[in-house]
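The values are calculated or read from the model by the stated rules, or taken from the named source; none is laboratory data. All values reported here derive from a predicted model rather than from experimental measurement. Backbone-built Cβ (ideal geometry, glycine too); neighbour counts: all protein chains shown. All accessible areas refer to the heavy atoms of the entire protein, side chains included, with ligands and DNA or RNA removed. Shrake-Rupley method; radii C 1.70, N 1.55, O 1.52, S 1.80 Å.
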Amino acid sequence: MHSLTALMWAVRAIAASLAGMALVTILCQIPVSHHIDVGRFDAAYVRGFYDPERLDLPQARAYLHGSDGSARWTRAESYLLLPQAGLPAEVMIRLRGWRADSALPDFAILVDGYEVYTGATTGEWQEVRIPLRRVSLKPEDVLVTIRSGVAPVSAGDPRLVGVLVDTVVYRTAQPPLQPYPAQLAWGALAGGLLFLALTGVRGGGTVRWLRFVAPLRAWLIGMLLIGALYLFFYRVQPAYPYPLRGLLPGVCAALGAVVALRYGSALAARLPMLPDVLAVGGIAVWTTAVLLAAQDHVTLAVPGVEKDFRVFATRAVDLALVLRADGFYNLGYPFLLWLFAPLTDGNSFLAARLIAALAGMLLLGSAWWLARCLLGRAPALAALVALGLNPFVVQYALYVGSDMPFAALCTLTLALLASHRVRGSLWLAALGGGAAGCAFLVRHPGVLLLPFGVFVLLWMRHEGREAREARGEGHEAREAREARGKSSTFNVRPSTFNLQPSTFNLQPSTFHALAFAFAFSIAAAPQVVVNIRDTGQPLYNQQAKNVWLAVYGDSDWGRWNEVSNNVSLTDVILEDPGRFAGAWWTHLRAFIGSGAETTDDAGRASQLRLLAFPANWLAVIGLVGWLALLVYQGREALSRPHGAEEVQPPLPPFAVPLLIWVTLYTLALAVGLPLQRFFLPLAPVYALAAAWTLLGTIRALARHRALTPARLQIGALLILLLVLQSGFAIGVRDVIDGQPADEVAAVRLVQQTLPPDEPLRVVLAPGDPVGKYSAIAHRVAPPDRATRYLLHSAEAGAIPDGAVIGIAGKYTLVQVRP
């Protein structure tokens, strides 16, 4: 009987989804038209254009004559975002190519990445009509790309512009119309989710607030409301021309949140591993999204986040160059490039992209495991959300450089030490030491992990001994009862907030600390051996020059050559001890938050930029809470009479080592250049502190408001997802937009024009990254090798003879041989 009921419920859910799909199909048969006055009320449709030009402004230009009064200039690539109203359809674009003293531009139009039109401008207004017949799998819009050559409008206007766009008209044909697949999918999902939100899994019962409305009637009313919103605020152009392109995805997200709140706690009780499955799946989805976004990262971004990559890539060419002493860069990252380069046809840039994404995956996985060991499954999922949707983390999972690998190895070390606290395994201590040594191989500050790890392992031995002396039979019985009282995955273990490790089978000893140190030494041995061979100094480095630049050079890279590379830290300190101490204190305040005491770049709070809002403030509250509880615990220990029962403080395990790590790392980094990216290894700790604060808030609400903790935790996760949802796109956009437009266009020109295995020569200006540090670097042939194609930069002189294949800004692709 129960199986029959479940089967009928599943049939109804499928029928609801099919009905939602049918509703979208019916609504898509209504012909619609969108008239876009470019330059006036066009914010919903345009991306990547210049600011509007208008005839009613005092600085109106002659090129606007003949327009409807407003227009926008395109850049090398500009975009129109149109709703998926149905197929077939047509887009009419009224544009003009205009130059005061240079050749008129050519242009091309692409629809969802496929080129559908190419042409030349005439200097007059012209209408281009683009038929839309190709089915697109994009989730919510039709992307129309306008690509054109760019040049200054005139001598008095240095903007590099393409063509001037006046009007866009988007209209569907007459019925029958074919809906886009994404719209059908959203309709089906909305129908199914609405059914789940209104009915129960067993017997089709309604939710409490709809007990007087039949489920079918409630579902019909809801679907009609969704259909009306879809028709009048997405397909049909509203009176204010701002169609809600994300309307159906937003409706589905809202319904999904309702379903999660209704069924989540019961599902988690039946499937205890559900948070872990969601976390692992989320990391996999995040890594895939980063790898897909990295396809648009085709050359070095500016300004100088990726400028060090030239040094790394030069060393990675040959293992002999990798295995040499360098005062500023350890050999770990060049070795990774050398190791991964065969997977990318020898292209160090593509290898670095892959390394950054995989290191980001390792960072998220290690941070999640660290939080899971200390807080439990559900809080670990919250920490993962705060970290994965953090623009700061996403940026450095895309940037090529040693930042993300170093941060990932530091976090892995912390996670292994936390796991050692739970299991007490010698192998975990050794693996932690190996990860710490690898972190040192990547960057010099990794050496801080050696004393930190040894201290933590010795501290855990002392802590475990005190716990064994303090606990008694009554304490053990109480813990056994608490362990038997666990009933839900989303309920944190009662011992989660217990500083004492009595619930863990820990046997830390000095031998484990020695194993950690030995494994660190083995992992770091290549760097030490190379340093001794080349310089005679085991820990050879020239980082004191960076300290000098921060203290005496005002962090001005133009003063880099004012001091020798061999300046020692002692000399830097003794040159002016007061100034050195003042600079260190300034950098430390800049990390914590210097407020309004200064107006320069140092007047900031770098720690608040480790996570996105509001996770950053939750993290700060959590760290301050740990400190407060630690002080309270110390006072209680001093004032407690001898032999009195110890009150267990609500301090999470491993909080003291994490506070020590944040303090040690911050104090050390404040000596040198206070660049934000150097603090990336602290982001996972801040995410864990944010999850702890969130969990404490939930527990307090559940206790005082008599609410279900599991449902509150699900609600908190959904709120985090809502407020942090744009973080990933912000991080991606910051990296992609930082690339020079001409270089990106040149790489795209080669990729889209030449066969994948076709080599080419390049004639570029000195320092141009396209030939060596780009997504096409592996296709660049030596200068003395004859090839059919040549990529030429205008900065390198006159274009050689040959047939011009395409132009991308200052670059020209020429066919020099048949």
(request) Kindly provide the set of residues from the stretch 307-324 that are open to solvent by 20 Å² or more (accessible area, probe 1.4 Å) and assigned to a loop (DSSP other than H, G, I, E, B), ordered by number. (result) LYS307, ASP308, VAL317, ASP318, LEU323, ARG324
(request) Sort out which residues of the stretch 164-183 are buried (at least 19 other Cβ atoms within 10 Å of the Cβ) and part of a strand (DSSP E or B), and write them in order of number. (result) LEU164, VAL165, ASP166, THR167, VAL168, TYR170, THR172
(request) For LEU457, state whether it is over 27 Å from VAL735 (Cα atoms), open to solvent by 30 Å² or more (accessible area, probe 1.4 Å) and either touching a Gly at 6+ places or on another chain (Cβ under 7 Å) or part of a helix (DSSP H, G or I) (or both). (result) no
(message) If ARG711 meets every condition in (1) closer than 26 Å to SER366 by Cβ; (2) more than 19 Å from the chain's Cα centre (by Cα) apart from one, which number is that one?
(response) (1)
(request) Can you tell me which residue among GLY346, GLY327 is assigned to a loop (DSSP other than H, G, I, E, B), of a type in the set (Gly, Ala, Ser) and within 30 Å of ASN565 (Cα to Cα)? (result) GLY327
(message) Exactly one condition in (1) modelled with pLDDT of 90 or more; (2) crowded, with 19+ Cβ neighbours inside 10 Å is false for ALA716; which is it?
(response) (1)
(request) Just name the residue that is most open to solvent (accessible area, probe 1.4 Å) out of those in the stretch 40-80 that are in contact with an Asp or Glu (Cβ under 7 Å, 6 or more places away or on another chain) and among the polar types (S, T, N, Q). (result) SER67
(request) For the stretch 767-776, state whether one or more residues are surrounded by fewer than 14 Cβ atoms within 10 Å (Cβ to Cβ) and modelled with pLDDT of 85 or more. (result) yes
(message) Given (1) β-branched (Val, Ile, Thr); (2) farther than 30 Å from PRO614 by Cα; (3) open to solvent by 20 Å² or more (accessible area, probe 1.4 Å), identify the lone condition not met by THR787.
(response) (3)
(request) Would you check if there is a residue in the stretch 284-291 being out of contact with any helix residue (DSSP H, G or I) (no Cβ under 7 Å at 6 or more places or on another chain), open to solvent by 60 Å² or more (accessible area, probe 1.4 Å) and not in a helix (DSSP H, G or I)? (result) no
(message) Of the conditions (1) within 23 Å of ASP51 (Cα to Cα); (2) open to solvent by less than 50 Å² (accessible area, probe 1.4 Å); (3) touching a residue at least 60 places away in the same chain (Cβ under 8 Å), ARG147 satisfies every one except a single condition; which number is it?
(response) (2)
(request) Report whether or not ALA44 is in contact with a Cys (Cβ under 8 Å, 6 or more places away or on another chain) and assigned to a loop (DSSP other than H, G, I, E, B). (result) no
(message) Kindly evaluate ASP51 against the criterion of being within 30 Å of LYS810 (Cα to Cα) and in a loop (DSSP other than H, G, I, E, B).
(response) yes
(message) Here is a check on your reading of the model: is ARG779 open to solvent by 10 Å² or more (accessible area, probe 1.4 Å), more than 28 Å from LEU412 (Cα to Cα) and in contact (Cβ under 8 Å) with a residue 12 or more places away in the chain?
(response) yes
(request) Would you be able to tell me the number of residues in the stretch 665-679 that are open to solvent by 40 Å² or more (accessible area, probe 1.4 Å) and either aromatic (Phe, Trp, Tyr) or farther than 17 Å from TRP585 by Cβ (or both)? (result) 2
(request) Spot the failing condition for GLU115; the list is (1) of a type in the set (Asp, Glu); (2) modelled with pLDDT under 90; (3) assigned to a loop (DSSP other than H, G, I, E, B), and only one is missed. (result) (3)
(message) When the residues of the stretch 59-90 are narrowed to those that are of a type in the set (Asp, Glu) and closer than 30 Å to LEU231 by Cβ, which ends up modelled with the lowest pLDDT?
(response) ASP68
(message) Every residue in the stretch 301-340 that is touching a residue at least 12 places away in the same chain (Cβ under 8 Å) and of a type in the set (Lys, Arg), please.
(response) ARG310, ARG315, ARG324
(message) Among the residues of the stretch 443-450, are any under 32 Å from the mean Cα position of the chain (by Cα), buried (at least 21 other Cβ atoms within 10 Å of the Cβ) and modelled with pLDDT under 85?
(response) no
(message) So if I check each of VAL91, VAL128, VAL161, which one is touching a Gly at 6+ places or on another chain (Cβ under 9 Å), surrounded by 13 or more Cβ atoms within 10 Å (Cβ to Cβ) and of a type in the set (Val, Ile, Thr)?
(response) VAL128
(message) Restricting to the stretch 225-252, name every residue that is open to solvent by less than 60 Å² (accessible area, probe 1.4 Å) and under 26 Å from the mean Cα position of the chain (by Cα).
(response) ARG245, GLY246, LEU247, LEU248, PRO249, GLY250, VAL251, CYS252
(request) Please work out if LEU682 is open to solvent by less than 10 Å² (accessible area, probe 1.4 Å), farther than 30 Å from LYS307 by Cα and modelled with pLDDT of 95 or more. (result) no
(message) It is to be established whether one or more residues within the stretch 375-382 are of a type in the set (D, E, K, R) and either over 22 Å from the mean Cα position of the chain (by Cα) or surrounded by fewer than 24 Cβ atoms within 10 Å (Cβ to Cβ) (or both).
(response) yes
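Quick grid of which residues meet (1) touching a Gly at 6+ places or on another chain (Cβ under 9 Å); (2) over 20 Å from ALA519 (Cα atoms); (3) in a helix (DSSP H, G or I); (4) open to solvent by 30 Å² or more (accessible area, probe 1.4 Å):
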site	(1), (2), (3), (4)
TRP369	no, yes, yes, yes
VAL385	yes, yes, yes, no
MET404	yes, yes, yes, no
LEU417	yes, no, yes, no
TRP427	no, no, yes, yes
GLY433	yes, no, yes, no
ALA439	yes, no, yes, no
GLY453	yes, no, yes, no
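Let's see how each residue does on (1) closer than 19 Å to ALA670 by Cβ; (2) of a type outside the set (Asp, Glu); (3) out of contact with any Gly (no Cβ under 7 Å at 6 or more places or on another chain):
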{"position": "ASN531", "(1), (2), (3)": "no, yes, yes"}
{"position": "GLY536", "(1), (2), (3)": "no, yes, yes"}
{"position": "LYS545", "(1), (2), (3)": "yes, yes, yes"}
{"position": "VAL551", "(1), (2), (3)": "yes, yes, yes"}
{"position": "ASN565", "(1), (2), (3)": "no, yes, no"}
{"position": "ASP576", "(1), (2), (3)": "yes, no, yes"}
(message) Within the stretch 732-741, take every residue that is assigned to a helix (DSSP H, G or I) and crowded, with 20+ Cβ neighbours inside 10 Å and give me the one that is nearest to the chain's Cα centre (by Cα).
(response) VAL732
